[in-house]
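The values are calculated or read from the model by the stated rules, or taken from the named source; none is laboratory data. Bear in mind the structure is a predicted one, so any value in this text is a computation, not a measurement. FYI the Cβ positions are ideal-geometry reconstructions off the backbone, even for glycines, and counts take in every protein chain you see. Accessible surface areas use protein heavy atoms only, side chains included; no ligands, DNA or RNA. Shrake-Rupley method; radii C 1.70, N 1.55, O 1.52, S 1.80 Å.
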Amino acid sequence: MIPIDVASRSEVGARSHNEDDLRHGRVGSMVYAVLSDGAGGHSNGAVASDVVVRSVALSLQRVGSWPGAQAGAVLREAILQAEDTLNAGQQGLKAHQRMHATVVALWLDAAQDQVAWAHVGDSRLYRVRQGVTEQLTVDDSVVQQMVQAGFITAEDARHHPRKNQLLAAMGSEEALQVHTLSAPDALCDGDAFLLCCDGWWDVLGAEDIARTLDEAGSPQGWLDRMADLIRAAALPNQDNYSAVGLWVGDPHEVTRILG
């Protein structure tokens, strides 16, 4: 069974409080990680992200064995249950009064060599495989739609004034569409995964994610090196920045063998 190492880091940035939340854990051969970025007045964003993360994590902890081809459906149901929990106390509230949150969840089985993921909003999942960084999720955002329509480039999107405007989030009154896989993906020895909020990926490019992985000796060291880059950028209104890093085996060993 491939060993899996996990680490996490969450920083307040230049904000007065941290509205991100994250959690990871193991159940037998299964490993999960969940991250959420909350939004809402009077620190309600922190409540929203906490509710979402705890609910999804508890749902995955209750699964006794890897559900095979149904892994994506189980993830979707876990997120929809979290949505119900978040909305339970928001009946009758107007749109500007509601709590909202993003979510990205990764779930893998080291015994079956399979992985599944799901997300809502603009918190992202990246995979680095053989030194190449791939963004596995597509943001639910106005700017992402503009990129897909060909109106702006991906580089333009990083600096667009509407880059934080979401089209979907947990806690909205609209029906929630959870993005997930129709079937689990293959898990490969040497894969590295990064779940992160927009305060993290907004500063870093794909090359930064791959380079810091190459330089680091552990998942925690990888996150720390990326966090150093975010801090060095010294954005005047730096958002909370949080991430979970997972190494499947040793990414460096696989790169050395193939290189």
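With a ≥ b ≥ c taken as the square roots of the eigenvalues of the C-alpha gyration tensor of region 145-215, please select rounded if a/c is under 1.5 and otherwise prolate if a/b is larger than b/c or oblate if it is not?
Numbers: a/c = 1.94, a/b = 1.19, b/c = 1.62.
It comes out oblate by the Cα gyration axes.
For region 81-125, what ratio Rg/Rh do Cα atoms give with a Kirkwood hydrodynamic radius? Please report the intermediate quantities before stating the final value.
Details: Rg = 15.0 Å, Rh = 12.9 Å.
Ratio value, two decimals: 1.16.
With a ≥ b ≥ c taken as the square roots of the eigenvalues of the C-alpha gyration tensor of region 99-138, please select rounded if a/c is under 1.5 and otherwise prolate if a/b is larger than b/c or oblate if it is not?
Numbers: a/c = 3.85, a/b = 1.44, b/c = 2.67.
Note, shape of region 99-138 comes out oblate.
Please give the FRET efficiency for Q145 paired with Q220, using the beta carbon to beta carbon distance and R0 = 51 Å, rounded to the nearest 0.05.
E between Q145 and Q220, to the nearest 0.05, is 0.90.
Give the Rg (one decimal place) followed by the Dmax (whole number) of the chain, computed from C-alpha coordinates and expressed in Å.
Taking only Cα atoms of the chain, I get Rg and Dmax of 17.6, 59 Å.
Bin width 5 Å, origin at 0, all Cα-Cα pairs of region 1-113: what percent of pairs per bin?
With a bin width of 5 Å, the distribution comes to 2, 12, 21, 20, 17, 13, 8, 5, 2, 0.
Compute the distance in nm between two label points, each set 7 Å from the Cα along the Cα-to-Cβ direction, one at L235 and one at A154.
A separation of 1.8 nm, rounded to one decimal place.
Please report, as a whole percent, how much of the solvent-accessible surface of region 62-157 comes from carbon and sulfur atoms (probe radius 1.4 Å).
Working: 2060 of 4340 Å².
Ligands and nucleic acids excluded, carbon and sulfur reach 47 percent.
Round to a whole number: what % of the accessible area of region 212-254 belongs to carbon and sulfur, probe 1.4 Å?
50 percent
How large is the dipole of the chain about the Cα centre if only Lys and Arg carry +1 and Asp and Glu carry -1, each at its Cβ, rounded to the nearest 20 debye? Display every interim value, and only then the final one.
Working: 19 positive and 34 negative charges, 81 e Å.
It comes to approximately 400 debye.
Once you charge only the Cβ atoms, +1 for Lys and Arg and -1 for Asp and Glu, what is the size of the charge dipole of region 1-112 about its Cα centre, to the nearest 20 debye?
The dipole of region 1-112 has a size of about 120 debye.
Give a residue-ordered list of calculated ³J(HN,Hα) values for region 124-129 (Karplus: 6.51 cos²θ - 1.76 cosθ + 1.60, θ = phi - 60°; whole Hz; x for Gly, Pro).
With coefficients 6.51, -1.76 and 1.60, one gets 10, 10, 10, 10, 10, 10 Hz.
Using helices alone, what [θ] at 222 nm do you get for the chain, with -39,500 (n - 2.57) per DSSP H run of 4 or more residues, divided over all residues and rounded to the nearest 500?
Working: 8 runs with 83 residues, N = 259.
When only DSSP H runs of four or more count, the value is -9500 deg cm²/dmol.
I want to check the label-to-label distance for D250 and S65. Put each point 7 Å from Cα in the C-beta direction and report it in nm to one decimal.
3.3 nm
For the charge dipole of the chain, defined by +1 on Lys and Arg C-beta atoms and -1 on Asp and Glu C-beta atoms about the Cα centroid, which residue among G92, A82, V56 has the Cα displaced farthest towards the positive pole?
It is G92, whose Cα lies furthest towards the positive end.
Enter the per residue convex hull volume of region 121-259, computed from alpha-carbon coordinates, in Å³ rounded to the nearest integer. Please list the in-between numbers first.
Working: hull volume 19.0 nm³, N = 139.
Cα-based convex hull of region 121-259, divided per residue, equals 136 Å³.
Can you pull the Rg over Rh of region 81-182, Cα-only, Kirkwood?
Numbers: Rg = 16.0 Å, Rh = 15.5 Å.
Radius of gyration over Kirkwood radius for region 81-182 works out to 1.03.
Computed FRET efficiency, Cβ-Cβ of R162 and Q81, R0 41 Å: what is it to the nearest 0.05? Don't jump to the answer; show the numbers that get you there.
On the way: r = 31 Å, r/R0 = 0.76.
Result of the calculation: an efficiency of 0.85.
Could you give the length gained on full extension between A186 and V138, defined as 0.36 nm per residue of separation minus the Cα-Cα distance, in nm?
On the way: separation 48, 0.36 × 48 = 17.28 nm, distance 1.95 nm.
In short, 15.3 nm is gained.
If you find the alpha carbon centre of region 5-20 and of region 176-205, how far apart are they in angstrom?
Measuring centre to centre over Cα atoms gives 18 Å.
Express the accessible area of the chain per residue in Å², computed with a 1.4 Å probe while the remaining protein chains stay in the model.
Values: 11610 Å² over 259 residues.
With the other protein chains kept in place, the chain gives 45 Å² per residue.
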